[in-house]
Structure formats: structure tokens, C-alpha cells
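Below is one structure, written out as C-alpha cells; the observations come after it.
The values are calculated or read from the model by the stated rules, or taken from the named source; none is laboratory data. The structure displayed is predicted, hence computed values, not measured ones. Please note: Cβ atoms are built from the backbone with ideal geometry, for glycine as well, and neighbour counts cover all protein chains shown. SASA here: full protein model, heavy atoms, side chains in, ligands and nucleic acids out. Shrake-Rupley method; radii C 1.70, N 1.55, O 1.52, S 1.80 Å.
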Amino acid sequence: MFSEMQQGSNANKTGGNPERHFIPAKAKLDPFAEGRILKACAYCRVSTDSDMQLSSFELQTEHYQNLAGKHKNWDLRKIYADEGISGTSLKNRDQFNAMLEACWAGEYDLILTKSVSRFARNLVDCVSLVRRLKNHTPPIGVFFETDNLFTLSEDSELKLSLLATFAQEESIKKSESMVWSLSERFKSEKRLLIPEPYGYSRQRDASGRYVQSAKLQIVAEEAEVVRFIFDAFLTGYPLCAIAEILTEAGVPTKTGRSSWSEGSLNYILRNERYCGSILTWKTFTADVFEHKKKRNRQDRDQYLYTNQHEAIIPVEKFEAAQILLENKKHHLRGGLPVLHVIDDGIFRGFVPVDHHWINDDPNTYFEASNSIGTEHRRLRLRRNQFSAFNLTGYQVIRGQFMMRRAECPCITITDQKISFNHECQRKFLDVGYVQLLIHPSQRKLAIRPCGELDINSIRWRVDAERPISSKTLRCQYFSAALFQIMDWNPEYQYRVRGTWASSGQDEIIIFDVTNAVPVVTVQQSSLAAGFRRSRRIDLLPEGWESAFGEEFYAYSIHNGFYYLSSHTGWNAQAKSHLVPGCTKVSPVSEEELQMSIENIRQRTGVANAN
């Protein structure tokens with residue numbers, strides 16, 4: 001075109017005067033102008049109710065076909081419809097996203113929809129999508145019928161932003177209204193929406209809807225499975241093993257599936273309906289635009305209605321399952337955590353510590369230790385067995401004044417963990433597992449070798465070929481209990497030097513926690529040298545200013561296990577026993593579990609045969 005103009009200009013050139021030629025712009029796309037066929041599609045949302053959905057889709061299909069028939073240049077090729085899904089997010093709108101993919105592939109020039117609120121109720125999504133469609137090559141326009149807005153027109157941007165803002169605010173108001181409606185509904189037990197979980201059924205009317213006042217009724221066969229799930233979990237079966245047992249037995253799920261998953265078992269174990277209660281508003285939608293559900297941790301008002309229907313599981317067993325589920329998050333092995341106490345030997349009154357257990361109540365350890373009663377055994381030591389001299393007034397010098405920490409067993413205790421130094425492992429060089437023990441009244445901690453299957457065993461040095469290293473136990477809750485027992489400052493960490501001793505085949509390490517030394521971290525910096533580093537400083541107790549250590553004979557009594565006669569023995573490996581009354585739930589035996597599994601298999605086999 002330019003060359004033709006140039007040639008025409010040269011042919012008519014007389015005096016060489018400059019000329020101006022007008023080049024008209026290409027006409028904007030007008031959806032109502034005839035002459036160009038537009039490939040069109042329509043988008044709508046329909047009700048989720050099956051009957052209403054069919055009617056709604058048919059009506060909207062007829063409407064858009066009639067609308068396209070009034071415009072000869074609209075070639076309506078397809079109608080996309082999502083089932084009653086909110087327009088505040090693009091997620092889960094399968095048909096809407098499929099329509100966009102077709103647009104990017106060049107299948108459509110025009111999108112027809114009823115209103116901005118039907119297209120998107122999120123201002124950012126709406127405006128950004130329209131801009132992408134507008135900037136596509138070739139441009140794709142959106143026609144909002146009731147708003148009489150075509151997005152390829154010059155003045156569409158401002159109007160679209162206003163309408164999208166109104167649509168977004170409408171969604172926010174609807175969300176607030178729904179939240180208010182739910183909060184009012186949850187205040188009355190008569191208006192609760194109670195679906196039937198596995199193990200229960202609920203009366204329905206002739207149309208298949210739940211009867212409003214009907215309570216949950218136990219389904220005997222399914223209730224037996226629910227009881228087995230709780231019993232097996234509290235006994236120590238992992239969820240994957242329970243799921244495998246039920247799947248192999250052919251027990252169908254609530255939805256009729258033949259395979260069980262850990263997720264479905266976790267849902268059953270956490271469902272308070274099995275103990276006859278109903279807890280409202282367990283989850284809520286935190287963001288009206290993202291539709292992400294969050295667990296309600298007192299973000300919304302809740303109501304717990306008890307004794308609403310017949311329970312399958314006792315409340316005590318349900319609460320025990322919740323404790324175990326929470327402890328599983330901290331890698332607790334086995335079944336329900338229970339307290340044991342040693343009732344014989346040198347460790348009489350000591351309690352084996354489960355460092356994964358979520359329990360920061362120090363009274364628990366006092367009660368367990370005191371449950372065996374106090375045995376008054378006076379240790380008589382003759383002074384002349386130590387020396388012919390009278391050692392009254394002499395002191396046993398504290399290890400802090402005589403040796404470095406690396407030369408003796410030592411632990412460092414913080415409000416989150418307990419760390420054992422290299423020397424602790426060096427003393428127990430060939431030990432695979434240990435138990436951590438506490439005597440709260442004597443303010444002592446100890447470790448002793450044990451077997452892998454012993455209660456609360458801790459992996460120590462399973463591979464003797466590996467280099468010696470420090471050992472750290474993360475025990476937030478036990479540390480909290482210990483800090484309360486000792487009345488320690490949680491901002492400090494505490495170092496305790498230990499004593500290793502052996503007698504025959506027994507070997508132990510005992511830590512007298514009353515001799516703990518608080519440690520603070522001090523920041524050191526030098527502007528001249530240009531460095532900044534931290535340094536840990538021991539804060540020695542004030543009482544140490546006037547004494548090098550403990551009076552000799554008092555120390556000997558305090559550490560009397562050194563002086564037990566060889567024929568008496570320490571009995572340091574005395575087994576611990578369950579603390580009486582420490583749990584309200586007694587786990588079923590393995591024989592009872594196997595009998596329950598067999599009953600379920602037989603019942604399922606009969607049902608499948610029929």
C-alpha cells in the first residue's frame with residue numbers, strides 16, 4: 001500500500017510539495033455488526049440438584065440458542081456449564097477452565113455469559129482474565145448480557161472494574177451471611193445437620209432426605225468394625241496395618257469401596273460422634289476467594305453436644321485415642337502411652353521416661369514415683385571403712401573445678417531437648433538401647449542399658465562401628481515438666497555432670513540434677529576486628545563461693561550405691577511395672593483382637609456368600 005501511494009505521488013509530482021495520505025485504522029470488533037462470523041461459546045452455572053440441574057441447563061441452552069439466532073454473525077458452537085460452584089475462585093471450575101483452554105487454542109472469538117458475577121466474583125481474576133483474552137491474538141471478547149458490556153469496546157475497563165467490585169462485595173456479604181446463619185444454627189441442637197458416619201444410619205423420608213428430628217441409629221455390623229479399629233489402634237497397631245486387615249477381610253467402606261485407607265481410619269478415630277457427642281464447626285473456610293478449609297482452633301465459636309445418640313465407643317476410649325493420635329505426630333511408637341515405675345533395686349522409685357509423650361505435668365511423675373510407697377532403708381557406712389583418719393570437715397571437690405566436661409559424662413538440658421556428650425556414649429560403648437529414668441523427689445536422672453523391646457527404649461549405639469558422637473533427644477514436653485520440677489528459668493540451659501559406675505554386669509550413669517549449672521549465651525563483638533560471635537558462660541551458684549564441694553560423709557551417703565556390698569547387688573536391670581490407675585482405658589489383649597478379626601472375617605464371608 002505504501003509503494004502504491006509513493007508511485008501515485010511521483011506520477012502527480014509537479015513542484016515537489018510534500019503530501020499527506022490518510023490510512024484508516026482497522027475497524028474494532030463489533031459483536032453486533034454483520035459481515036464477520038464470530039465463533040461463539042456460552043458459559044453458565046447450574047444448580048447441583050439433579051432435577052433442577054437438568055431443567056436449568058435446558059433453559060439456559062434454549063436461551064443462548066435464541067440469543068445467537070437473533071445475531072446472524074454469531075456461530076454458537078458450545079455451551080459450558082459448571083454445577084453451582086462459586087465464582088470467587090477459578091479452582092474446581094472444570095468447564096470454565098476447559099472453555100479458556102479452547103479460547104487459547106483459537107476456537108472462539110466471543111464468550112457469552114449472563115453477568116459479571118457469573119463469570120467471576122473475584123475482582124483480580126475477572127479483570128486479569130478479561131485482559132488476557134483482550135490481548136490474545138486475535139482478541140477474544142466477552143459479552144455480559146444483563147450488564148450490556150462488551151469487553152473489547154473502548155470504555156469497558158472502568159465499567160468492568162466497577163461491576164467486578166460489586167460482584168466481589170456481593171460474595172463477601174453472602175459469605176458473612178452464611179457464617180451468621182451457621183453460627184445461629186449451631187446454637188440449637190434441634191437444627192444441627194448430622195450426616196450418618198460409618199457405623200450409624202439415620203431415618204430418611206420418602207424422598208430420601210434426612211428426617212430433621214431423627215437421631216443416629218447404630219448399625220451392629222459396622223459398629224463391630226469401629227470397635228475393632230479403636231481397640232487395634234490403642235493396642236499399638238499402625239493405621240496401615242489396620243487398613244490392610246480390613247481390606248483383606250473384605251469389609252466394605254461407607255461408600256462401598258473394598259479397600260480401606262489410613263485417611264478413612266483417621267477420620268473415624270477423630271470423629272466424636274462415636275462416643276455419642278456432636279461437635280459443631282470443626283472446620284471453616286478461611287478465605288472466601290481461595291476456599292481453603294482450616295481446622296477450627298477456636299477461630300469460630302463451637303458447641304459440644306453430649307449424649308445426643310447411642311455411643312459405640314466409651315468417652316474414655318475416644319479420649320485415649322485422641323491422646324495417642326497427638327503423640328503419633330511426635331513419633332511415639334506402640335500403643336497408648338502409659339506410665340511405668342521401677343519397684344525394686346537401685347532404681348526403686350525411678351520412672352522410665354517416654355521423651356515423645358505429650359505431657360508437661362510434673363505431678364504425673366511424682367504420682368508414678370510415689371505409687372510404690374516409700375521404702376525407708378538407712379545406709380549405714382562405717383567411717384573406718386574409708387580411712388583410719390576422721391574425714392569430718394573434708395570436702396569432695398566438685399568436678400567442675402577438677403576436669404573438663406569432655407572428660408566425664410555430661411548432659412545439657414534446654415526447654416526443648418536433652419543432649420548427651422561424647423563421654424556418655426563412650427561409657428556405654430557397646431550398648432544398643434538405653435532407658436532414660438527420672439526420680440522427681442530425689443531430683444535425679446539416670447540412663448541404663450536395656451533391650452529394644454523394653455518400655456520407652458531409646459536407640460543409643462546400634463552400630464558399634466560408627467564413630468562416637470553426641471546424642472540428642474528432642475523432648476519439649478518432658479523438658480517442660482523437668483523445668484517445673486526444678487523451678488528452672490526456661491531462658492537458660494542447664495549442664496549436669498554425671499557419675500558412671502558399674503557393679504558386676506550392671507553399669508549406670510546417674511545425674512544429680514540439683515548440681516545443675518545454668519548456662520547463658522553472651523554475644524561478643526569487636527568493631528576493630530570486625531567479628532561477632534556468641535559464647536556460653538556457666539553461672540555458678542552463689543553457694544559454691546564458700547565451698548569446693550560437698551562434705552565427704554554427706555557425699556558418701558548421697559551416693560551410697562557405691563558402697564552396697566557386692567553380695568547385695570544393685571539389681572539395676574529390675575523391670576518396671578505399670579503404675580496402678582494411670583489409665584482409665586485398658587488395652588485389649590492380642591487374643592481378644594484376633595478373635596474380633598476372626599468374627600469380622602466370618603461375618604463378611606457370610607455376607608459376601610449371600
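So, in the stretch 470-489, of the ones that are aromatic (Phe, Trp, Tyr) and assigned to a helix (DSSP H, G or I), which residue ends up most open to solvent (accessible area, probe 1.4 Å)? Step through it out loud before you land on a result.
At the first step, the residues of the stretch 470-489 found to be aromatic (Phe, Trp, Tyr) are 477-478, 483, 488.
After this cut, where a residue has to be assigned to a helix (DSSP H, G or I) as well, the list is 477-478, 483.
Working: Tyr477: 63, Phe478: 2, Phe483: 14 Å².
The extreme case among them is Tyr477.
In the stretch 453-469, which residues are among the basic types (Lys, Arg) and either surrounded by fewer than 10 Cβ atoms within 10 Å (Cβ to Cβ) or part of a strand (DSSP E or B) (or both)?
Across the stretch 453-469, the qualifying residues are Arg459, Arg466.
Determine if the stretch 172-188 includes at least one residue that is touching a helix residue (DSSP H, G or I) at 6+ places or on another chain (Cβ under 8 Å) and small (Gly, Ala, Ser).
No, the stretch 172-188 has no match at all.
Which condition from (1) under 25 Å from His439 (Cβ atoms); (2) modelled with pLDDT of 65 or more; (3) assigned to a helix (DSSP H, G or I) is the one that Met595 breaks?
Here Met595 clears every test but (1).
Out of Asp430, Asp415, report the one residue that is in a loop (DSSP other than H, G, I, E, B), over 22 Å from Ile346 (Cβ atoms) and among the acidic types (Asp, Glu).
Numbers: Asp430 fails: over 22 Å from Ile346 (Cβ atoms).
Matching residue, one of Asp430, Asp415: Asp415.
Taking Ser181 and the conditions (1) part of a helix (DSSP H, G or I); (2) at pLDDT 80 or above, which numbered condition does it fall short on, given that it satisfies the others?
Every condition holds for Ser181 apart from (2).
If you go through the stretch 126-165 one residue at a time, how many are part of a loop (DSSP other than H, G, I, E, B), open to solvent by 50 Å² or more (accessible area, probe 1.4 Å) and not charged (D, E, K, R)? Full working, then the answer.
Quick first cut of the stretch 126-165, residues part of a loop (DSSP other than H, G, I, E, B) only: 136-140, 145-148, 151-155.
From the residues that got through so far, the ones that are open to solvent by 50 Å² or more (accessible area, probe 1.4 Å) too are 137-139, 145-146, 148, 154-155.
Within this subset, residues satisfying the condition of being not charged (D, E, K, R) are 137-139, 146, 148.
So the count comes out to 5.
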